[in-house]
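Report on the following structure.
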Amino acid sequence: MGKKNNANESYRDSLGFPIVLALILFAINIGVYFFDIQAGIYLTVCLCIFCVFLFVLEQRRQQQVTGRLFDISDSGQIQRKLLKELNVPYALLDVNGDLVWMNESFQQVIHKDETYRKSLSALMPEVNPEVFPKKDLSEISFSYEDRCYRAEMYKINLTYESGVSGIEELTGFQGELISLILYDETELRRYEREVSDQKMVAGIVYLDNYDEALETIEEVRRSLLLALLDRRINKYFSAYDGIVRKIESDKYFLVMTNKAFQQMTGDKFSLLEGIKNVNIGNDMAVTLSMGFGIDGDSLIQNYEFARAAIDLALGRGGDQVVVKSKDDNRYYGGKTKQVDRNTHVKARVKAQALREIMEANGNVFIMGHSIGDADSFGAAIGLFRAAKTINRRAYVVINEVTASLKPLMERFLKSTDYEEDMFIKSDRALELVDSHSTVIVVDVNIPDRCECKQLLSRTANLVVFDHHRQSKDVIKNAVLGYIEPYASSTCEMVAEILQYFDENIKLKNIEADSLYAGIMIDTNNFVRKTGVRTFEAAAYLRRCGADVSRVRKMFREDMATYKIRAAMIQNAEVYRERFAITVCPSGTVESPTVVGAQAANELLNVIGIKASFALTPYRSQIYVSARSVDELNVQVIMERLGGGGHLNIAGAQLSCSLEEAKEKIREILDKMIEEGDL
């Protein structure tokens with residue numbers, strides 16, 4: 001009513017000036033009669049015309065103003081009518097989620113009449129007070145009765161907004177309301193799925209052990225094996241409407257739709273197992289690796305993803321599938337033991353490249369992973385000797401010397417053949433390093449696990465040597481990377497490198513002992529993950545002066561540690577009759593993580609145990625050491641915990657309680673068994 005009264009007053013004010021003007025002209029007309037009657041008559045005629053014009057104008061304006069007043073007086077009613085008959089579902093809720101009012105479209109959606117006043121969350125659980133807007137607007141998407149909706153919710157404070165839209169008259173409600181608008185996006189989602197299904201996926205397939213498998217059969221039968229492999233690969237992808245082209249003797253490129261790829265994912269890439277069944281007398285089963293790129297902005301980007309994925313698959317040991325997208329990587333397979341290649345060509349090439357990098361730059365900084373072990377220490381010592389051979393100043397970065405490393409470290413510290421600052425801590429390394437330095441990382445390829453992560457960004461001359469399977473978090477800016485998952489240890493790799501680095505290189509006895517110790521510890525005294533090249537590296541180190549008895553004496557342990565490991569084995573929990581889970585008591589030994597790893601190794605000697613998990617509380621974290629026999633891959637288990645490692649040796653670090661860590665391992669084992677991955 002206030003708007004209507006204001007409009008009336010404004011209308012009356014607009015008529016005031018013409019009326020006053022007419023009265024003034026009338027008075028002037030009377031005065032003119034006293035001076036000239038004829039002029040007064042003319043003026044009277046003009047005044048009459050003016051009054052007629054004013055009357056007509058007033059009638060027309062009155063009609064316009066009346067229409068406007070009618071519109072204003074009925075605007076609330078019109079708004080209510082429009083809201084009620086609006087094609088878009090619209091409702092008003094109270095702060096508890098109960099329906100206060102809804103229009104006809106909303107009634108059709110929930111199949112209720114306008115008298116329904118119960119909680120909407122009973123029908124649509126996603127629409128509840130937890131998702132209501134705190135200030136202005138909130139949006140959620142959900143499904144209801146096979147339809148997809150996007151809900152927009154606004155908060156309405158009637159204290160400030162009353163009288164504007166007639167909401168109080170509409171609902172009879174006082175206080176805050178939630179305005180809810182539903183947009184049916186079912187067709188939009190369908191179109192989006194269709195577009196997504198038609199996106200192109202790029203893939204690359206490698207035969208892992210192509211040359212090795214051919215060497216195991218007669219030459220006249222090799223063409224038959226190749227034909228059978230080609231047929232099996234083409235038949236598999238053709239079933240999913242994929243286009244396959246052979247680009248090299250052991251490499252294939254393929255393109256397929258995203259919809260077909262998702263179907264293949266549901267099949268869990270059965271080609272991995274199917275290709276192993278191709279056998280015409282070859283002693284070695286053929287395995288393959290696949291890398292796929294998805295969700296890229298273009299097919300070219302998907303191809304780049306596929307290239308990165310196949311490199312990662314090969315870096316993880318082969319016989320698996322890696323699917324790479326913008327946000328993450330997914331892994332399938334990887335259950336086969338890695339192929340041990342007897343050729344030393346790669347080691348020779350890497351050795352020559354390492355020497356060129358060292359000679360072209362300044363000081364050399366070598367570091368392993370945090371809480372170093374014999375493998376990382378021995379590999380660092382071997383590369384230290386390589387740097388000294390070409391007269392480069394070298395430093396080994398190590399922050400903490402564990403109990404297992406003390407016997408080795410003390411021999412270097414007591415020797416007069418080495419500089420006092422041969423071993424330095426991270427802070428000192430950061431002071432000495434510059435852009436011309438060479439940084440070498442050994443026994444780790446995850447930046448966060450390095451002894452000094454900051455060193456990775458201080459120079460462009462970065463080298464990585466590691467024998468662990470790669471994960472998605474890898475050191476990416478290395479100018480030289482040598483990652484061989486089939487190797488037993490990084491010390492084995494470094495021993496090979498040294499043989500080709502310089503023909504005049506001479507290892508001291510203490511250095512040979514360190515490298516030999518790394519191989520011995522990682523292979524559990526040469527009984528696990530050993531190959532021909534492992535024994536060749538050990539033989540080379542023996543020729544350089546490594547003494548087996550001397551090394552074994554350095555790694556003897558005291559009675560207290562031995563009893564703790566025995567107690568861990570005794571108290572181990574056997575889960576699902578094939579998994580052993582045990583706990584290392586915290587604060588009882590100097591290097592509990594080492595004891596935990598040793599206990600995990602010992603548990604594999606129990607009949608029926610396929611994998612063992614040793615949990616060690618240390619520095620506010622839970623360190624998990626996982627070990628397995630050949631038929632089970634503990635790396636994929638540890639990757640689900642954020643860790644990684646090898647097929648038979650892996651680990652992870654958890655920030656939770658001991659019981660929560662145990663429960664996480666049980667849940668992962670249950671899930672992987674249910675999914676058929678174990």
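How about the range 525-537: which of its residues are more than 17 Å from F377 (Cβ to Cβ) and buried (at least 17 other Cβ atoms within 10 Å of the Cβ)? Break it down stepwise before answering.
Going residue by residue through the range 525-537, those that are more than 17 Å from F377 (Cβ to Cβ) are 525-536.
R528, K529, T530, G531, R533, T534 - these are the residues of the range 525-537 that are more than 17 Å from F377 (Cβ to Cβ) and buried (at least 17 other Cβ atoms within 10 Å of the Cβ).
Looking for something charged (D, E, K, R) and either closer than 22 Å to N234 by Cβ or in contact (Cβ under 8 Å) with a residue 24 or more places away in the chain (or both) - is there at least one such residue anywhere in the range 294-301? Steps first, answer last, please.
Within the range 294-301, the first condition is being charged (D, E, K, R), and the residues that meet it are 295, 297.
Remaining after also requiring either closer than 22 Å to N234 by Cβ or in contact (Cβ under 8 Å) with a residue 24 or more places away in the chain (or both): 295.
Within the range 294-301 (the criterion being charged (D, E, K, R) and either closer than 22 Å to N234 by Cβ or in contact (Cβ under 8 Å) with a residue 24 or more places away in the chain (or both)), the answer is yes, since at least one residue qualifies.
When L669 is evaluated against the numbered criteria (1) of a type outside the set (V, I, T); (2) touching a residue at least 60 places away in the same chain (Cβ under 8 Å); (3) surrounded by fewer than 17 Cβ atoms within 10 Å (Cβ to Cβ); (4) not in a loop (DSSP other than H, G, I, E, B), which criterion, by number, is the only one it fails?
(3)
I'd like the full set of residues that are surrounded by 13 or more Cβ atoms within 10 Å (Cβ to Cβ), of a type outside the set (V, I, T) and more than 13 Å from L288 (Cβ to Cβ), limited to the range 185-210.
E185, R189, S196, D197, K199, M200, A202, listed by residue number.
Do we find that I564 is surrounded by fewer than 23 Cβ atoms within 10 Å (Cβ to Cβ), outside the structural domain of A380 (by TED's automatic domain parsing), in contact with a strand residue (DSSP E or B) (Cβ under 9 Å, 6 or more places away or on another chain) and within 23 Å of V606 (Cβ to Cβ) in this structure?
No; evaluated as a whole, the condition is false for this residue.
Please go through the range 483-510 and give me each residue that is farther than 14 Å from A537 by Cβ, of a type outside the set (A, V, I, L, M, F, W, C) and either within 23 Å of the chain's Cα centre (by Cα) or surrounded by 20 or more Cβ atoms within 10 Å (Cβ to Cβ) (or both), ordered by number.
Correct list: P485 only.
Could you please find all residues in the range 290-331 being at pLDDT below 90 and part of a loop (DSSP other than H, G, I, E, B)?
Of everything in the range 290-331, those that are at pLDDT below 90 and part of a loop (DSSP other than H, G, I, E, B) turn out to be D295, G296, D297, S298, R316, G317, G318, D319, S325, K326, D327, D328.
Residues to consider are I178, I140, I233, I217; find the one that is on the phi < 0 side of the Ramachandran plot, assigned to a loop (DSSP other than H, G, I, E, B), modelled with pLDDT of 80 or more and surrounded by 14 or more Cβ atoms within 10 Å (Cβ to Cβ).
Numbers: I178 fails: assigned to a loop (DSSP other than H, G, I, E, B); I140 fails: assigned to a loop (DSSP other than H, G, I, E, B); I233 fails: assigned to a loop (DSSP other than H, G, I, E, B).
After ruling out the rest, the residue left standing is I217.
Yes or no, residue by residue, for (1) over 26 Å from L405 (Cβ atoms); (2) charged (D, E, K, R); (3) assigned by TED's automatic domain parsing to the domain that holds D473:
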| site | (1), (2), (3) |
| --- | --- |
| A599 | no, no, no |
| L603 | no, no, no |
| V606 | yes, no, no |
| K610 | yes, yes, no |
| I622 | no, no, no |
| Q635 | no, no, no |
| M638 | no, no, no |
| A650 | no, no, no |
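Please verify whether I665 is under 22 Å from the mean Cα position of the chain (by Cα) and either outside the structural domain of G317 (by TED's automatic domain parsing) or modelled with pLDDT under 90 (or both), treating the condition exactly as stated. Give the steps one after another, and end with the answer.
Details: under 22 Å from the mean Cα position of the chain (by Cα): yes; either outside the structural domain of G317 (by TED's automatic domain parsing) or modelled with pLDDT under 90 (or both): yes.
Here the answer is yes, as I665 does meet what is asked.
Please verify whether F305 is crowded, with 19+ Cβ neighbours inside 10 Å and touching a Lys or Arg at 6+ places or on another chain (Cβ under 6 Å), treating the condition exactly as stated. Steps first, answer last, please.
Working: crowded, with 19+ Cβ neighbours inside 10 Å: yes; touching a Lys or Arg at 6+ places or on another chain (Cβ under 6 Å): yes.
For F305, the condition - crowded, with 19+ Cβ neighbours inside 10 Å and touching a Lys or Arg at 6+ places or on another chain (Cβ under 6 Å) - is met.
So which residues in the range 375-424 are among the small types (G, A, S) and touching a Cys at 6+ places or on another chain (Cβ under 8 Å)?
Taking the range 375-424 as the starting set, the residues that turn out to be among the small types (G, A, S) are 376, 378-380, 382, 386-387, 394, 403-404, 415.
Within the range 375-424, G378, A379, G382 qualify.
Which residues, counting only those in the range 439-460, are more than 14 Å from N399 (Cα to Cα), among the charged types (D, E, K, R) and buried (at least 24 other Cβ atoms within 10 Å of the Cβ)? Even if it seems obvious, please write down each step before you answer.
Step one: filter the range 439-460 for residues more than 14 Å from N399 (Cα to Cα), giving 439-448, 456-460.
Still in the running and among the charged types (D, E, K, R): 443, 448, 458.
Hit for the range 439-460 is D443, nothing else.
Would you please list the contacts, defined by Cβ atoms under 6 Å and residues six or more apart or on different chains, that run from a residue in the range 435-449 that is assigned by TED's automatic domain parsing to the domain that holds V474 to a residue that is part of a loop (DSSP other than H, G, I, E, B) and among the acidic types (D, E)?
I446/D473
Within the bounds of the range 581-593, is there any residue that is surrounded by 14 or more Cβ atoms within 10 Å (Cβ to Cβ) and part of a helix (DSSP H, G or I)?
Yes, the range 581-593 contains at least one residue that is surrounded by 14 or more Cβ atoms within 10 Å (Cβ to Cβ) and part of a helix (DSSP H, G or I).
Of the residues E496, E511, which is within 21 Å of L408 (Cα to Cα) and charged (D, E, K, R)? Even if it seems obvious, please write down each step before you answer.
Values: E496 fails: within 21 Å of L408 (Cα to Cα).
Just a single option satisfies the conditions, and that option is E511.
Pick from R150, R117: which is surrounded by 15 or more Cβ atoms within 10 Å (Cβ to Cβ) and not acidic (D, E)?
Values: R117 fails: surrounded by 15 or more Cβ atoms within 10 Å (Cβ to Cβ).
That would be R150, the only listed residue that is surrounded by 15 or more Cβ atoms within 10 Å (Cβ to Cβ) and not acidic (D, E).
I'd like to check something: does the range 553-566 contain any residue that is under 37 Å from the mean Cα position of the chain (by Cα) and either part of a loop (DSSP other than H, G, I, E, B) or closer than 21 Å to Q621 by Cα (or both)? Walk me through it before giving the result.
Applying the first criterion (under 37 Å from the mean Cα position of the chain (by Cα)) to the range 553-566 yields 565.
Okay, now just the ones that are also either part of a loop (DSSP other than H, G, I, E, B) or closer than 21 Å to Q621 by Cα (or both), so 565.
For the range 553-566, residues under 37 Å from the mean Cα position of the chain (by Cα) and either part of a loop (DSSP other than H, G, I, E, B) or closer than 21 Å to Q621 by Cα (or both): present.
Being in contact (Cβ under 8 Å) with a residue 24 or more places away in the chain and within 18 Å of Q454 (Cβ to Cβ): is that true of V322 here? If you could, list the steps in order and put the result at the bottom.
Numbers: in contact (Cβ under 8 Å) with a residue 24 or more places away in the chain: yes; within 18 Å of Q454 (Cβ to Cβ): no.
When the stated conditions are applied, V322 does not pass them.
Among the listed residues K406, K350, K388, which satisfies the condition of being modelled with pLDDT under 90 and more than 23 Å from R550 (Cα to Cα)?
Working: K406 fails: more than 23 Å from R550 (Cα to Cα); K388 fails: modelled with pLDDT under 90.
One residue alone meets the criteria, K350.
Residue-wise test of (1) surrounded by fewer than 13 Cβ atoms within 10 Å (Cβ to Cβ); (2) assigned to a strand (DSSP E or B); (3) among the aliphatic types (A, V, I, L, M); (4) without any contact (Cβ under 8 Å) to a residue 40 or more places away in the chain.
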| position | (1), (2), (3), (4) |
| --- | --- |
| T616 | no, yes, no, yes |
| A626 | no, yes, yes, yes |
| L632 | no, no, yes, no |
| C656 | yes, no, no, yes |
| E660 | yes, no, no, yes |
| D677 | no, no, no, no |
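Hey, any hits in the range 588-607 for a residue that's charged (D, E, K, R), under 14 Å from N571 (Cβ atoms), touching a Lys or Arg at 6+ places or on another chain (Cβ under 8 Å) and touching a residue at least 12 places away in the same chain (Cβ under 8 Å)? Working first, answer last.
Step one: list which residues in the range 588-607 are charged (D, E, K, R), which gives 590, 602.
When the remaining residues are screened for being under 14 Å from N571 (Cβ atoms), the result is 602.
If we keep only those that are touching a Lys or Arg at 6+ places or on another chain (Cβ under 8 Å) as well, we get 602.
Add one more test, that the residue is touching a residue at least 12 places away in the same chain (Cβ under 8 Å), and what stays is 602.
Yes, that holds for at least one residue.
One line per residue, one yes/no per condition, for (1) basic (K, R); (2) closer than 30 Å to L299 by Cα; (3) outside the structural domain of D319 (by TED's automatic domain parsing); (4) touching a Cys at 6+ places or on another chain (Cβ under 9 Å):
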| position | (1), (2), (3), (4) |
| --- | --- |
| T216 | no, no, no, no |
| E219 | no, no, no, no |
| S223 | no, no, no, no |
| L229 | no, yes, no, no |
| R232 | yes, yes, no, no |
| A239 | no, yes, no, no |
| E248 | no, yes, no, no |
| K251 | yes, yes, no, no |
| L254 | no, yes, no, no |
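I'd like to check something: does the range 462-482 contain any residue that is free of Cβ contacts under 8 Å to residues at least 12 places away in the same chain and under 28 Å from D319 (Cα atoms)?
Going residue by residue through the range 462-482, those that are free of Cβ contacts under 8 Å to residues at least 12 places away in the same chain are 476.
So of that shortlist, the ones also under 28 Å from D319 (Cα atoms) come out as 476.
Within the range 462-482 (the criterion being free of Cβ contacts under 8 Å to residues at least 12 places away in the same chain and under 28 Å from D319 (Cα atoms)), the answer is yes, since at least one residue qualifies.
Among V109, V195, which is the only one that is modelled with pLDDT of 85 or more, out of contact with any Leu (no Cβ under 6 Å at 6 or more places or on another chain), in a helix (DSSP H, G or I) and not basic (K, R)?
Details: V195 fails: modelled with pLDDT of 85 or more.
Among V109, V195, only V109 is modelled with pLDDT of 85 or more, out of contact with any Leu (no Cβ under 6 Å at 6 or more places or on another chain), in a helix (DSSP H, G or I) and not basic (K, R).
Looking only at the range 218-237, which residues are among the basic types (K, R) and under 34 Å from the mean Cα position of the chain (by Cα)?
So in the range 218-237, the residues among the basic types (K, R) come out as 221-222, 231-232, 235.
Within the range 218-237, R232, K235 qualify.
The values are calculated or read from the model by the stated rules, or taken from the named source; none is laboratory data. Keep in mind it's a predicted model, so treat the numbers as computed, not measured. We place every Cβ from the backbone using ideal geometry, glycine too, and count neighbours over all the protein chains shown.
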